[in-house]
Amino acid sequence: MAEDSPFSLKRLLLGKPIPSHLAHHERLSRVTGLAVLSSDALSSVAYATDFILTTLLVAGVGAFSYAVPISLVIATLLASYLPARRAAAVDPIEALRAE
């Protein structure tokens with residue numbers, strides 16, 4: 001069964017694709033997209049601590065000592081994200097010329 005066939009599982013679940021000339025009506029502006037999608041990130045941050053503590057509670061009371069190290073690892077990963085993203089955007093040739 002081909003990927004583009006009208007009988008594919010993807011087509012069954014998602015429906016027909018939107019024609020290109022109608023797609024611009026489906027886009028969100030940056031402000032609207034931020035307002036709509038930022039609540040998802042905020043709720044993820046809010047529920048992360050609860051999920052960590054629930055998981056550690058299932059593991060046992062002694063596992064609560066891992067809550068702070070797990071939180072520090074998560075904070076470290078988040079803190080390294082922005083510098084890594086900025087470094088990925090730099091053109092390697094320009095960076096070598098600047099040295």
Rg and Dmax of the chain over Cα atoms: what are they, in angstrom? 22.2, 59
Identify which of GLY15, GLY33, GLY62 has the largest mean-square fluctuation in a Gaussian network model of the chain, with springs joining Cα atoms closer than 10 Å. GLY15
Treat every Asp and Glu Cβ in the chain as -1 and every Lys and Arg Cβ as +1, leave all other atoms uncharged, and give the resulting dipole magnitude about the Cα centre to the nearest 20 debye. 200
Taking the 0 to 90 degree range and rounding to the nearest ten, how far is the long axis of helix 30-59 tilted relative to the main principal axis of the chain, both from C-alpha atoms? 40
Distance between modelled label sites at ILE52 and ALA88, nm, 7 Å Cα→Cβ extension: 2.3
Of VAL61, LEU28, THR76, whose Cα points farthest to the positive end of the dipole of the chain (charges on the beta-carbon: +1 Lys, Arg; -1 Asp, Glu; origin at the Cα centre)? LEU28
Nitroxide proxy distance, nm - points 7 Å out along Cα→Cβ at LEU28 and ALA41: 1.2
What 222 nm value per residue comes from the helices of the chain, counting each DSSP H run with n ≥ 4 as -39,500 (n - 2.57) and dividing by all residues, nearest 500 deg cm²/dmol? -22500 deg cm²/dmol
Would you mind checking the tilt of helix 67-88 against the longest principal axis of the Cα atoms of the chain, expressed as 0 to 90 degrees and rounded to 10? 40
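Computed from the coordinates by the stated procedures, all read-outs in this text should not be read as laboratory data. As the structure is a prediction and not an experimental result, all values here were calculated from the model. Reconstructed Cβ throughout: ideal geometry from the backbone, glycine too, with neighbour counts over all protein chains shown.
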